[in-house]
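Only one structure is covered here, and it is reproduced in the block below.
The values are calculated or read from the model by the stated rules, or taken from the named source; none is laboratory data. Predicted model, so just to flag it, every value in this text is computed and none were measured. Heads up, the Cβs are rebuilt from the backbone with ideal geometry, glycines too, and the neighbour counts pull from every protein chain shown.
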Amino acid sequence: MAQLPNHLDLHLIRILYLLLSEKNVSRVALKLNQPQPSISASLRKLRELTGDQLLVRGGRGMVPTPHGETLLKPAKRILDETELLFERKVPFVAQQESKTFHIAAPDSLHVQFLPSVVERLRRESPKSRIVIHGLGAEVDYVRHLSDGDLDLVIANWDEPPQHLHLSKLFEDPIVCAMRADSPYAKRTGTDDMTLEDYLSLPHVAPSQLLSGYHGVIDAHLERQHLRRNVVVESAYFGLMPHMLAQSDMVLTTGKQYLSFYEKSLQLKTFSIPIKFPPLRFYQLWHERVHHSPEHRWLREQIAQAAKSLMSK
């Protein structure tokens, strides 16, 4: 291995980490807002310093060498520890600061929650910018939190990831709903539903929202060796109540979420003959921002928005 210089450029370590993570010189150049030849020159310098190719061409683009793979975690650790070393310890003055906060959330959240979060953040830090990202099966939210592309993820999990910091925001009891003048709703004179009816009625259900996340409803049913009759899967959760208004389908989700649509779409909610745990919504964040003053402030604002929602 080549001899290391006395003063190793921290920016070079960042480039090393990003190259091994992204496996693409162009993407790293875009991420760092630098010309591609500059990143290519840094890769050549890194190869000289390590005595290894680090990245080589594979069947579908660049792939790390075995030695390159061993450098990914040490590079990330150096960057994280350096960030902690120079982390600002002064209070975050929300009214004066101009920050950009990146929050990811599924559209299955209570329809009043995110708007209230935005209202609170705009009121308390008017110079700051808020970017709300969607969540889907293709989104590696753990990596985005680790890399700093996301500040927070808000969602519900049966079992939240153990290696991330989290705090519970609110719970929403599970009910089901259908069109108030649907044949089943008109036939029954009660808000209760039999197990046989619940499982056999046509259901609309969300597509996979998060990687490795099967869904609270179906996961719970599977544990009891039950299966409902899902006839439509949709990636657009926010459209599902509107689908009910024009069909004979049933939607199972949070009571507070459905209450927003009950009157406007003329829906009827039913108690489910199965004891579902409530939907539990959390905010999750990475260790890299755990002690950051502005991120502590952000988490507190979101927690207060959730508290206000539950008090209504």
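Key figures
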{"read-out": "Selected residue [among the aliphatic types (A, V, I, L, M) and assigned to a loop (DSSP other than H, G, I, E, B)] from A41, A94", "value": "A94"}
{"read-out": "Of all residues in region 87-136 being polar (S, T, N, Q) and modelled with pLDDT of 90 or more, the one that is farthest from R288 (Cα to Cα)", "value": "S116"}
{"read-out": "Filter result (closer than 17 Å to V25 by Cα, surrounded by fewer than 13 Cβ atoms within 10 Å (Cβ to Cβ) and either free of Cβ contacts under 8 Å to residues at least 24 places away in the same chain or in contact with a Ser or Thr (Cβ under 6 Å, 6 or more places away or on another chain) (or both)) within region 42-76", "value": "R44, V56, R57, G58, G59, R60"}
{"read-out": "Conditions (1) assigned to a helix (DSSP H, G or I); (2) more than 24 Å from P206 (Cβ to Cβ): number failed by F101", "value": "(1)"}
{"read-out": "Residues that are buried (at least 21 other Cβ atoms within 10 Å of the Cβ) and more than 26 Å from S311 (Cα to Cα), drawn from region 148-176", "value": "L150, D151"}
{"read-out": "Unique match (being out of contact with any Asp or Glu (no Cβ under 6 Å at 6 or more places or on another chain) and buried (at least 16 other Cβ atoms within 10 Å of the Cβ)) among F101, F113", "value": "F113"}
{"read-out": "Qualifying residue in region 282-292 (condition: in contact (Cβ under 8 Å) with a residue 24 or more places away in the chain, surrounded by fewer than 17 Cβ atoms within 10 Å (Cβ to Cβ) and part of a helix (DSSP H, G or I))", "value": "yes"}
{"read-out": "Single residue of E196, E233, E262, E222 found to be over 29 Å from the mean Cα position of the chain (by Cα) and of a type outside the set (A, V, I, L, M)", "value": "E196"}
{"read-out": "Among the candidates E287, E300, E294, residue that is closer than 26 Å to V117 by Cβ and modelled with pLDDT of 95 or more", "value": "E300"}
{"read-out": "Extreme residue, modelled with the highest pLDDT, among residues of region 45-73 that are small (G, A, S) and not in a loop (DSSP other than H, G, I, E, B)", "value": "G68"}
{"read-out": "Unique residue being closer than 30 Å to L258 by Cα and assigned to a helix (DSSP H, G or I) when the list is L114, L135, L109, L84", "value": "L114"}
{"read-out": "Selection count where residues are of a type in the set (D, E, K, R), more than 22 Å from P278 (Cβ to Cβ) and surrounded by fewer than 16 Cβ atoms within 10 Å (Cβ to Cβ), scope region 177-196", "value": "4"}
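Quick grid of which residues meet (1) within 16 Å of C176 (Cβ to Cβ); (2) free of Cβ contacts under 8 Å to residues at least 24 places away in the same chain; (3) not in a loop (DSSP other than H, G, I, E, B):
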| residue | (1), (2), (3) |
| --- | --- |
| E222 | no, yes, yes |
| P241 | yes, no, yes |
| L265 | yes, no, no |
| K275 | yes, yes, no |
| R280 | no, no, yes |
